[in-house]
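K.L.:
Structure incoming, see below.
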């Protein structure tokens, strides 16, 4: 089962904000890679992802980031954090997908979990 997430794209600043839990109480942020930040709630669970310079990082025209469909998976083990995000948008009525995947060591004590989120 997919949980719903909230998506905001600020075209002027080329910034994506994907919120997993809109009622979360902020705990801390982890920079996953240059320009991609994972926000954790006060209990250490993922609550939001920010992508700075999103069109450059994802290689997508800014206009295609305004309202894509998004599927996102987060898998966390004691050793590893794996984040996968698929952006689906249309160009001349043809479906296009761009995927982002990043793994990093779980040096933050984030509890093990596996979940899938979607904007649909």
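Just so it is clear, none of the values below were taken in a lab; they were calculated from the coordinates. Model, not experiment: these values are computed from the prediction. Every residue, glycine among them, receives a Cβ derived from its backbone with ideal geometry; neighbour counts consider all protein chains shown.
K.L.:
Given only helices, namely DSSP H runs of n ≥ 4 each adding -39500 (n - 2.57), what is the per-residue ellipticity at 222 nm of the chain, to the nearest 500 deg cm²/dmol?
P.N.:
-1000 deg cm²/dmol
K.L.:
Let me ask something additional. For the range 3-118, what's the relative contact order in percent, using C-alpha pairs closer than 8 Å and at least 6 residues apart?
P.N.:
Numbers: 249 pairs, mean separation 26.4, N = 116.
Reported as a whole number, the value is 23 percent.
K.L.:
Taking 0.36 nm per intervening residue step and subtracting the Cα-Cα distance, what contour gain separates residue 31 from residue 107 on full extension? Before the final figure, lay out each step's value.
P.N.:
Values: separation 76, 0.36 × 76 = 27.36 nm, distance 1.21 nm.
Stretched fully, the residue 31-residue 107 segment lengthens by 26.1 nm.
K.L.:
If you wrap the chain's Cα atoms in a convex hull and average its projection over all directions, what's the area in nm²? Intermediate results must be reported in sequence, preceding the final value.
P.N.:
On the way: hull surface 29.3 nm².
Result: 7.3 nm².
K.L.:
So what is the orientation-averaged projected area of the range 1-48, using the convex hull of its C-alpha atoms, in nm²?
P.N.:
On the way: hull surface 16.2 nm².
Average of the hull's projected areas for the range 1-48 equals 4.0 nm².
K.L.:
Arrange the following residues from fewest to most other Cβ atoms within 10 Å of their Cβ: 98, 91.
P.N.:
Numbers: 98 15, 91 10.
The fewest-first ordering by Cβ neighbours comes to 91, 98.
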